[in-house]
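A quick write-up on the structure given underneath.
Bear in mind that the values in this text are calculations on the coordinates, not laboratory data. This is a predicted model, so every value here is computed, not measured. Glycine also receives a Cβ, built like all others from the backbone with ideal geometry; neighbour counts cover every protein chain displayed.
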Amino acid sequence: MRRVLLTGASGGVGSRLRRLLKPLYPELILSDLKPPADLAPDERFIAADLADADAMLRLCENIDGIVHLGGYSIEGPWETILQANIIGCHNLFEAARKQGVRRVVFASSNHVMGFHRRDAKIGIEAVPLPDTRYGLSKLFGEGLGALYAHKHGLGVLSIRIGNVGDEPIDQRRLAIWLEPNDLVALIRIGLEKPDLVYEVVYGMSDNASAWWDNRRALELGYKPQARSADHLAAAMAGQAKTPPDPLGDLYQGGTFCSQEYDADQKAR
Ligand SMILES: NC(=O)c1ccc[n+]([C@@H]2O[C@H](COP(=O)([O-])OP(=O)(O)OC[C@H]3O[C@@H](n4cnc5c(N)ncnc54)[C@H](O)[C@@H]3O)[C@@H](O)[C@H]2O)c1
């Protein structure tokens, strides 16, 4: 894996990953709508809008593998999600196919599964229950990955990322936290593991209170190093400052479930 493209490179996760990936993939190419403010002289950046199919085709030329973080990363209006995450993600996979890219690692989200209850432990085979238009768009991205892997021969890993950060900041994050170096370990599996066709894994560290059965990730060779239990006191201190959300607290997606909620909760 020589030339790796990182989309969404100016975002929160991208800013961390560009530093962690550069030693592994020296020819790393960064892309986003705008360059990161602190772009270094030895970094290569190409501005491109995911919604622009021709720009994606040019961006993917001579690329071996893609880490696709770019897109709208929270709930938003349908038109915004449509352009960045549906049309944009399709443009990215289509460009990858046309340019002969070998691997795509797709940043999916826990919000694909947000309406699963917290008292359930789910594996990758559980039925998707997206909690937002955003979560639904990530499910579409996973579907694109499966289609392009099985029909067109790309190797694709969808990582249902929990929450990336230096430490878990509340009780929900204790279950879904993903330390950045553990994310890199998952990305390396997606880019480098021989014979990978299409896989879905949960993007979390070694979390004792996890809601997810991540055995497929372990079978693929993932060995998470960070343990959320080591940050229990700080996370619970953060939780004490969090306003109560009785509905969100029932479900894995948290506040993403409670926003815009107008169903009769007693009926479900
Ligand atoms: N942060 C997390 O813990 C977390 C959790 C689950 C999933 N994810 C996913 O991981 C990825 C990175 O997350 P993040 O927190 O860094 O998000 P972010 O919003 O900070 O970064 C996303 C980047 O995508 C870029 N982008 C948006 N629309 C674009 C377009 N049309 N064309 C090109 N670039 C565009 C933005 O400019 C931004 O820099 C996202 O896809 C997000 O959905 C993140």
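Okay, here's what the table says:
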quantity	calculated
Some residue of segment 10-17 being among the β-branched types (Val, Ile, Thr), near the ligand (Cβ under 8 Å from one of its atoms) and closer than 23 Å to Ile189 by Cβ	yes
Members of segment 234-251 that are touching a helix residue (DSSP H, G or I) at 6+ places or on another chain (Cβ under 6 Å) and not in a helix (DSSP H, G or I)	Asp245, Leu247, Tyr251
Number of the condition not met by His231 [criteria: (1) within 16 Å of the ligand (Cβ to nearest atom); (2) over 24 Å from Ile66 (Cβ atoms); (3) touching a strand residue (DSSP E or B) at 6+ places or on another chain (Cβ under 9 Å); (4) part of a loop (DSSP other than H, G, I, E, B)]	(4)
Residue check, Ile124 among the hydrophobic types (A, V, I, L, M, F, W, C) and within 26 Å of Asp249 (Cα to Cα)	yes
Boolean, Leu33 is under 19 Å from the mean Cα position of the chain (by Cα) and surrounded by fewer than 16 Cβ atoms within 10 Å (Cβ to Cβ)	yes
Count of segment 220-234 residues which are loosely packed, with under 14 Cβ neighbours inside 10 Å and among the basic types (Lys, Arg)	1
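Residue by residue, here is whether (1) under 22 Å from Phe45 (Cβ atoms); (2) away from the ligand (no atom under 11 Å from the Cβ); (3) in contact (Cβ under 8 Å) with a residue 24 or more places away in the chain holds:
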position	(1), (2), (3)
Gly71	yes, no, yes
Trp78	no, yes, yes
Gly88	yes, no, yes
Arg97	no, yes, yes
Arg103	yes, yes, yes
Met113	no, yes, yes
